[in-house]
């Protein structure tokens with residue numbers, strides 16, 4: 001009888017541990033966004049989804065893996081910020097848009113591919129600032145986060 005109670009207690013403990021681990025993994029998952037951004041044949045739907053994703057995850061660490069449609073919308077400026085921006089609607093530029101600023105420092109851990117064929121940005125970032133609209137534009141400030149620090 002004692003063996004049966006011991007086996008039963010061990011079984012219940014194992015099941016409880018399984019569900020605790022599952023709940024921990026669900027709560028500690030880093031939000032991810034992947035896709036090609038820009039004003040495309042879908043009227044920039046993916047670009048708008050990136051804005052909604054960033055808005056929903058303010059102050060959090062996120063993972064993004066994005067491709068750019070063209071090379072006119074991004075640059076590394078004189079303040080060592082990687083910038084990219086998009087209008088909400090390319091046909092009606094006066095209604096505003098979104099500007100993303102990534103504070104770049106020496107040794108930061110993110111991937112940027114500047115080849116003509118790929119134009120890709122990939123990495124973990126923390127959203128440290130969000131403001132707007134100011135004259136129709138929103139600004140999002142992010143900084144790269146090393147995977148080891150997560």
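The values are calculated or read from the model by the stated rules, or taken from the named source; none is laboratory data. Computed from a predicted structure; not experimentally measured. Methodologically, a virtual Cβ is constructed for each residue, glycine included, from the backbone with ideal geometry; neighbour enumeration extends over all protein chains shown.
Being under 20 Å from residue 47 (Cβ atoms), at pLDDT 65 or above and either touching a strand residue (DSSP E or B) at 6+ places or on another chain (Cβ under 8 Å) or assigned to a strand (DSSP E or B) (or both): is that true of residue 108 here? When the stated conditions are applied, residue 108 does not pass them.
Residues being in a strand (DSSP E or B), modelled with pLDDT under 85 and on the phi > 0 side of the Ramachandran plot are represented in region 126-138 by at least one member.
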